[in-house]
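Undergrad: Got a structure here, written out as structure tokens. Questions coming.
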Amino acid sequence: MNIVITGASKGIGYAIAEIFAANGHNLYVTSKTAAALDLAVASLKKDYPNVNIASMPADLSIQSEVTAFAHWCLAKTTPHILVNNAGYFVPGKLQDEADGQLQDQLNTNLFSAYHLTRALLPNMLANQTGHIFNICSIASLGAYENGGAYSISKFALLGFSKNLRLELKDKGIKVTAVCPGAVYTNSWSGSGVDPNSIMEAGDIAKMIYAATQLSPQAVVEDIIMRPQLGDL
Ligand code: NAP
């Protein structure tokens with residue numbers, strides 16, 4: 001199958017790329033920084049030499065770059081699985097976070113997924129099969145300390161996922177919202193949090209891969225995962 005993954009250079013996105021590569025699928029990956037993406041692709045190619053892996057850097061907070069990446073994908077392949085994972089977390093309180101923080105968070109965490117999905121959908125619809133994963137968050141499900149604009153953007157991404165699922169349910173395309181709690185990635189390095197106290201990126205990747213293994217008539221609507229000891 002052909003798998004499109006955003007934010008694949010590191011963290012959860014890299015772990016998702018790795019599990020699909022390990023199972024012999026073709027990868028079409030992107031992230032913002034070209035050098036980090038090149039390193040990630042080199043590492044995947046070294047570990048999985050028989051897998052086709054193509055990459056293009058793009059700043060997905062900018063609609064024209066999303067469109068360019070979508071055109072690049074469609075020139076190369078018909079996507080079967082799309083993983084909208086690119087995103088970033090800025091802690092903040094609504095009353096004093098910087099002006100523009102909500103717009104920035106929405107641009108990266110919501111509009112990237114919205115625009116990319118809309119650009120790839122006609123091709124997926126023509127194929128009448130497919131699976132779209134949106135990497136939401138526990139922050140999509142409830143308020144929490146310093147959630148701020150990030151939490152708003154992740155609530156919106158969950159709302160997008162639910163509406164998309166409804167629209168596509170009779171079109172052969174599944175939509176899964178993935179809502180992880182704390183996962184040890186770069187976002188947590190330097191935080192002082194013990195890596196062994198929260199989830200591994202590979203935990204999320206395993207659940208996503210498992211959700212792709214069901215019959216066409218079954219969909220995993222939501223994947224909610226937390227550290228065993230609960231939220232931080
Ligand atoms: P990460 O290690 O920082 O990786 C984020 C990835 O997204 C990188 O490849 C990054 O590329 C890419 N990205 C960020 N902004 C981008 C942009 N404007 N355009 C294109 N690519 C961009 O983060 P992570 O912890 O794996 O998080 C991945 C997703 O999971 C995010 O959506 C995050 O909100 C969500 N999530 C994370 C956790 C957690 O605890 N880690 C929990 C719940 C949900 P560059 O490095 O080049 O910018």
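The values are calculated or read from the model by the stated rules, or taken from the named source; none is laboratory data. The shown structure was predicted, so the numbers you read here are calculated from the model rather than taken from an experiment. Cβ: placed from backbone, ideal geometry, glycine included. Neighbour counts: every protein chain shown. These accessible areas exclude ligands, DNA and RNA; they are computed on the full protein's heavy atoms, side chains included. Shrake-Rupley method; radii C 1.70, N 1.55, O 1.52, S 1.80 Å.
Undergrad: Quickly rank 90-100, 7-17 as a protection proxy: mean count of other C-beta atoms within 10 Å, highest first.
TA: 7-17, 90-100
Undergrad: Could you sort the peptides 18-24, 70-76 by per-residue average Cβ neighbour count (10 Å cutoff), highest mean leading?
TA: The peptides rank, most packed first, as 18-24, 70-76.
Undergrad: On to the next question. Using a probe radius of 1.4 Å on heavy atoms only, what accessible surface per residue do you get for the chain? Whole Å² is fine.
TA: Computed with neighbouring chains in place, this is 48 Å² per residue.
Undergrad: While we're here: Using a cut-off of 14 Å between beta-carbons, work out the net charge of the residues near residue 143 (Lys and Arg +1, Asp and Glu -1, residue 143 not included).
TA: That sum, taken over residues with Cβ under 14 Å, equals 0.
Undergrad: Would you mind getting the Kirkwood hydrodynamic radius of the stretch 21-67 from its Cα pairs, rounded to one decimal in Å?
TA: In the stretch 21-67 this quantity evaluates to 11.3 Å.
Undergrad: Another question about this same structure. Rounded to the nearest 0.05, what FRET efficiency do residue 146 and residue 194 have when you use their Cβ-Cβ distance and R0 = 25 Å?
TA: After rounding, the FRET efficiency stands at 0.80.
Undergrad: Could you work out how far the C-alpha centroid of the stretch 106-144 sits from that of the stretch 183-216, in angstrom?
TA: The stretch 106-144 and the stretch 183-216 have Cα centres separated by 19 Å.
Undergrad: Residue 227: net charge of surrounding residues, Cβ under 14 Å, Lys/Arg +1, Asp/Glu -1, itself excluded?
TA: -3
Undergrad: Right, here's the next one. If you roll a 1.4 Å probe over the chain with all protein chains in place, what percent of the accessible area is carbon or sulfur?
TA: Percent of accessible area from carbon and sulfur atoms in the chain: 52.
Undergrad: Still on this structure, I have one more. Show me the ranking of peptides 145-152, 187-194 by mean Cβ neighbours inside 10 Å, starting with the highest.
TA: 145-152, 187-194
Undergrad: Would you calculate the convex hull of the Cα atoms in the stretch 1-135 and tell me its volume per residue in Å³?
TA: Taking the convex hull of the Cα positions in the stretch 1-135, it is 101 Å³ per residue.
Undergrad: Can you tell me the relative contact order of the chain? Whole percent, Cα pairs under 8 Å, sequence separation 6 or more.
TA: Computed value for the chain: 20 percent relative contact order.
Undergrad: Follow-up question, since we're still on this one. Explain nothing, just the number: dipole magnitude of the chain about its Cα centre with +1 on each Lys and Arg Cβ and -1 on each Asp and Glu Cβ, in debye rounded to the nearest 20.
TA: Once rounded to the nearest 20, the dipole reads 680 debye.
Undergrad: Return the sequence-ordered ³J(HN,Hα) values of the stretch 49-56 in whole Hz as given by the Karplus equation 6.51 cos²θ - 1.76 cosθ + 1.60 applied to θ = phi - 60°, using x for Gly and Pro.
TA: Those phi angles translate into x, 8, 9, 7, 10, 10, 9, 8 Hz.
Undergrad: Read phi for every residue in the stretch 170-179 and hand back ³J(HN,Hα) as whole Hz from Karplus 6.51 cos²θ - 1.76 cosθ + 1.60, θ = phi - 60°, with x for Gly and Pro.
TA: 9, 10, x, 10, 8, 10, 10, 8, 9, 10
Undergrad: Could you tell me which of the pairs 10/171; 76/169; 10/76; 45/154 are separated by over 30 angstrom between their Cα atoms in the structure shown?
TA: Among 10/171; 76/169; 10/76; 45/154, the Cα-Cα distance tops 30 Å for 10/171; 45/154.
Undergrad: Below 8 Å, C-alpha to C-alpha, sequence gap of six or more: please give me the relative contact order for the stretch 61-119 in percent.
TA: Taking the mean separation of contacting Cα pairs over the length of the stretch 61-119, I get 64 percent.
Undergrad: Using just the helices of the chain, give the 222 nm mean residue ellipticity in deg cm²/dmol: DSSP H runs with n ≥ 4 each add -39,500 (n - 2.57), and the total is spread over all residues, rounded to 500.
TA: Here the helix-only value at 222 nm equals -13000 deg cm²/dmol.
Undergrad: For residue 58, enumerate residues with amide H under 5 Å from its amide H, sequence gap 5+ or separate chain, H modeled in the peptide plane.
TA: Distant-sequence amide H within range of residue 58: 31, 32.
Undergrad: Can you compute 3J(HN,Hα) from phi for each residue in the stretch 202-218, using the Karplus curve 6.51 cos²θ - 1.76 cosθ + 1.60 with θ = phi - 60°, rounded to whole Hz and x for Gly and Pro?
TA: Using θ = phi - 60°, the values come out as x, 4, 5, 4, 4, 5, 5, 4, 4, 5, 8, 9, 8, 5, x, 8, 10 Hz.
Undergrad: Taking N as the number of residues in the chain, what is its Cα Rg relative to 2.2 N^0.38 Å?
TA: Against the empirical 2.2 N^0.38 Å value, I get 0.96 for the chain.
Undergrad: All other residues with a Cβ under 12 Å from the Cβ of residue 43 taken together, and with Lys, Arg as +1 and Asp, Glu as -1, what is their net charge?
TA: My count for the surroundings of residue 43 gives 0.
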